[in-house]
Every structure is written in structure tokens, then in C-alpha cells.
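Nothing in this text is a laboratory measurement; each read-out follows from the coordinates by a stated rule. These figures come from a predicted structure and were not determined experimentally. Every residue, glycine as well, gets a Cβ built from its backbone with ideal geometry; the counts of neighbours run over all protein chains shown.
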Amino acid sequence: MMTLLYQSTRDANNTVTASQAILQGLATDGGLFTPTSYPQVDLDFDKLQNASYQEVAKLVLSAFLDDFTEEELDYCINHAYDSKFDDVAIAPLVKLDGQYNLELFHGNTIAFKDMALSILPYFMTTAAKKHGLENKIVILTATSGDTGKAAMAGFADVPGTEIIVFYPKDGVSKVQELQMTTQTGANTHVVAIDGNFDDAQTNVKVMFNDQALREKLAANNLQFSSANSMNIGRLVPQIVYYVYAYAQLVKTGEIEAGEKVNFTVPTGNFGNILAAFYAKQIGLPVGKLICASNENNVLTDFFKTRVYDKKRGFKVTTSPSMDILVSSNLERLIFHLLGNDAGKTKELMDSLSTSGQYELTGFDTEILDLFAAAYATEAETATEIKRVYDADNYIEDPHTAVASAVFKKYQAETGDEAPTVIASTASPYKFPVVAVEAVTGKAGLSDFEALAALQTLSGVAVPPAVDGLETAPVRHKTVVAADEMQKAVETYLGL
Ligand SMILES: *Cc1c(COP(=O)(O)O)cnc(C)c1O
């Protein structure tokens, strides 16, 4: 069997295997490692409808990560998707009025980042062993709120790793912030920056691409990798739950095998929806991929005009994990839209960094037509939380509500009646103030008052991820300017 190669989106000569791509995180030319062909996967839903999440994971992961052995993948899967998820289904599918919500928040940190970050540390240590790597791996991560905590939960005290997380000081919810600043583990470091998520992500990319810094690390037996969705080891595990969700729809008789299903995804860095695109490429019967944004609606405009223009005000919203103006993974879709042309992709990405925009021309219309896009305002998002509560006695978190509101708009506009799954990316317990205010109209509650109110409203117990957060000791208090991030890294690493 041929080994699948992952190519940098900016250099056709930069190709690596899956395990190498996971270890490196980002390509040093500034691009992202991306599949240029798709593996054959036998999506037989007569069989898959009875498969466990772990079995579906094995099918998908073994196809995409084909330089891992079967034993290695079993080890990773069995350690990742175990009792740290509070539901044996791992990603349960809930039927609501007119939609299906795929709950991706049953892991350690109650956001969908756990779906991939529970397994990424196992991939990384397995890949390191495979390649006889002696360096310590330093995970550098920019977070808009959820990746940081989920990555630390996965990497805390993992031998041979160090993890440094940067988050925007005023850009995350109180619960998200406390989840990070109370993180234990001698190898974890958390830094708040005076800046927004894009500043954090840009400076992380700059450090990755800084050759002098790389050499300095190497001289100290260190090397960087990434836990952001720029790492293909984050994306591939996200393909699994789209296949799994489809299998559940077949199993419960909601659809016939082969029928097309739409997915609506609340989108920030474009990682989650890109995984759905890859699910389609291996044969999942997907109708539309509906890209839902909040008021940072750069992607909505892009799909409408094919001009990506980041030159606009950054808005802090109630769905902070989607407060992003530069969606890193869109680069991978652009690459595919341009027929996997690294030269053209690099031109557009250079234009984005020098002039703040680019226009997509000469693209594959079949790929672009797969996508629909719209955004929800803050008011529409709150109204949707209330609507779903009234209709179903179910409380969506604000990110999920953005997707759910956008889906309703899309349906009203197009009349598309295809069964639609909403990627439900966080538990409302992560954003209790917003959820409670939307349902009851009661403003001004503290996060901890809201947690109690949410329990009463929803009848769902406060999850361990946030229970006790109020009294947990804060261990990380560092705040730096955005242009001092590298200095912080060098200090932590003793460089
Ligand atoms: C990260 C995140 C998103 C956005 O996902 P992307 O893969 O970055 O597009 C949406 N909702 C929540 C709750 C998140 O944590």
C-alpha cells in the first residue's frame, strides 16, 4: 500500500508522512500540511450503524494516518476515547425540532476541542517514538478560549512535552479563563496577551517560521509543534464524528443509507467544517456544508464575494471561540479550490499578509458550491437560544446557537429540506451567563450564580469541568504584550 503524503499548501516539494506532519505541526515554509489525494474508506452503513465511536475512529484514522501501525492506533484510540467522556456514545446525536444536534462537548473540558485534543498527545508521543526523536516537544498554542484548556488537559504531565498557551486577555469567558489559569501540571504554561486571538495566532506562526529560533531550540534539544487545528493531527480525528453522526441517523431510521445530509458548523478557524469537507471527500453523502459565523463575518463575505478581506473591526461577541478574522484552515480549502496549486495558494496568502485581502479566481466551482454561508448577530443568537429552549426544553451554548440560527436562515432562504446536523461545539455550562440571560432575560448574574441557575433551568448537572472552578487556586497569572510572546517562550524554556 502507498503511504499517504501530506503536502505543504505553499510548497509542492515539501511533503511528509502523517506522523511527520503531526510532529512538525506547521510546515516551516508557512504553509499547512494537507492531503493531496484521499484514502479509500469503506463506508458501509449497514455495518457502521452498529459500530462504536472507537470503531469508526479506527476506520477513519487508519485511512488518513497510514504510517501508524494498527497497534499504535488502537493504543491512541483506546486511551483517548475512554471514560473521561461522560457519555458512552462519545458524541451523542440529539433530535430536536427540525434539526439534529451532534453534541461534541462530552469530554474533559466540555468543548468540541476535546474530540481531537484527547488523542493528539498520544499521536504525538507515538510519532516521536516511531522516529526515535530525542528532542522535547514544545507545544505552542494560540487559543480563542477552548483549544488552550483542551490541549493542556491532554498534554499535562505527558513526558517529553512542554505546553505554552496564549489567550486574549479580554477575549474569553470567565469560565474559560479560570479553566486555563487553574490548570495543573508542571509542563503547562498559560499567558494572557494584551491583544486579540488573531494577534496570538499570528505571533505563534511567526515563531514557527523563525529559523534562528528553531535553531536555538534544536541546540537545546527542543522543537516546536502545534495543538492548533493547523496540525493535521487535530483535523483527522474531527472527520470521525461526521461519519459517526451519519451512522446514527441510519441506525435510528431517520435516513436511508446514501441519503444526503447537511452539516451546519459554527466556524472560527475553519477546522471543524474542513473536517466535514474531508468526510465528504472519502464518500460521506453530504449535501451542503453550512458555514456559520458570528458578527465577525469575514467568511460569510468570502463565500458571497470570493474576496477575503480581513481589514475590518474585530468584534468581541458572546461566542468568543469564533471571534477570528484570519481563519487559518481556509488556506487548506483555498489550496483545494485552486486544484492543489501551492504556488497560487502562496500568492494569495502573501497578499493577505501584505495587503490584508485576496480575491479567489480560477477555482473549482464544484467545491465552492458545496458550501453555504451566513452569520447570526448577537441578538439573533440570543433569540435562538430562547427559541430552542421553548421548543425543546434544551439549552444550546452561544456557538451552537449561532449555527442553529444560521441554519434556520439558510432553510428559509433556500427551502432545502435535507436532514441537517448542527455541530454542537460547547456545553452551555461554559457560557452560563449568556445562556441564562437568553432564556430568562435576567442580566447581571455572576458566572457562578449563572451556573446554579443553568442547572435549575436545564436539569443537567453541573459538569466536573466547571464544578469547583470558583475555589480552585489560580496558578497562571502572566500577562504580556502581543509583541513580547517570544520573550515569554524563551523565558519558560530557559533559552
Ligand atoms: C473552536 C470552536 C469553534 C470554531 O471551530 P473552528 O474549527 O475553529 O472553526 C466553535 N465553537 C466552539 C465552542 C469552539 O471551541
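Charge tally around GLY30: other residues with Cβ under 14 Å, Lys/Arg +1 each, Asp/Glu -1 each, net -1.
Applying a length cut-off of 18 Å (Cα extent along the axis) and a mean Kyte-Doolittle floor of 0.5 to the DSSP H helices of the chain leaves 232-251.
Counting every pair of alpha carbons in region 331-460, the share spaced more than 21 Å apart comes to 56 percent. For the set LYS149/LYS477; LYS149/LYS409; LYS95/LYS174; LYS84/LYS310, the pairs lying more than 27 angstrom apart at their alpha carbons are LYS149/LYS409; LYS95/LYS174; LYS84/LYS310.
Under the criterion of Cα pairs below 8 Å and six or more residues apart, the relative contact order for the chain equals 19 percent. Once you've got the Cα coordinates, tell me which of LYS169/LYS311; LYS288/LYS386; LYS216/LYS487 are over 18 Å apart. Listed pairs above 18 Å: LYS169/LYS311; LYS288/LYS386. A simple packing score, the average count of other Cβ atoms within 10 Å per residue, orders the peptides 443-450, 336-343 as 336-343, 443-450, with the highest score first. Let me test this: with uniform point scatterers at the alpha carbons of region 272-317, what is the Debye-based log₁₀ I(q)/I(0) at q = 0.19, 0.20, 0.21, 0.26 1/Å? Computed log10 I(q)/I(0) values: -0.72, -0.76, -0.80, -0.97. Listed from fewest to most Cβ neighbours within 10 Å, the set PHE45, PHE335, PHE314 follows the order PHE314, PHE45, PHE335.
Mean residue ellipticity, 222 nm, helices only, the chain: the sum of -39500 (n - 2.57) across DSSP H runs of n ≥ 4, divided by residue count and rounded to 500, is -13000 deg cm²/dmol. With viscosity set to 1.567 mPa s at 4 °C, what whole-number translational diffusion coefficient in µm²/s follows for region 196-305 from Stokes-Einstein and a Kirkwood radius over Cα pairs? Value of D from the Cα-based Kirkwood radius: 78 µm²/s.
For the listed peptides 328-334, 471-477, 417-423, a ranking on the average number of other beta carbons within 10 Å per residue, highest first, reads 328-334, 417-423, 471-477.
With equal scatterers on the alpha carbons only and no solvent term, can you work out the Debye log10 of I(q)/I(0) for the chain at 0.05, 0.09, 0.10, 0.12 1/Å? Debye intensities relative to I(0), on a log10 scale: -0.16, -0.56, -0.71, -1.07.
DSSP beta bridges confined to region 64-175 are antiparallel in about 40 percent of cases.
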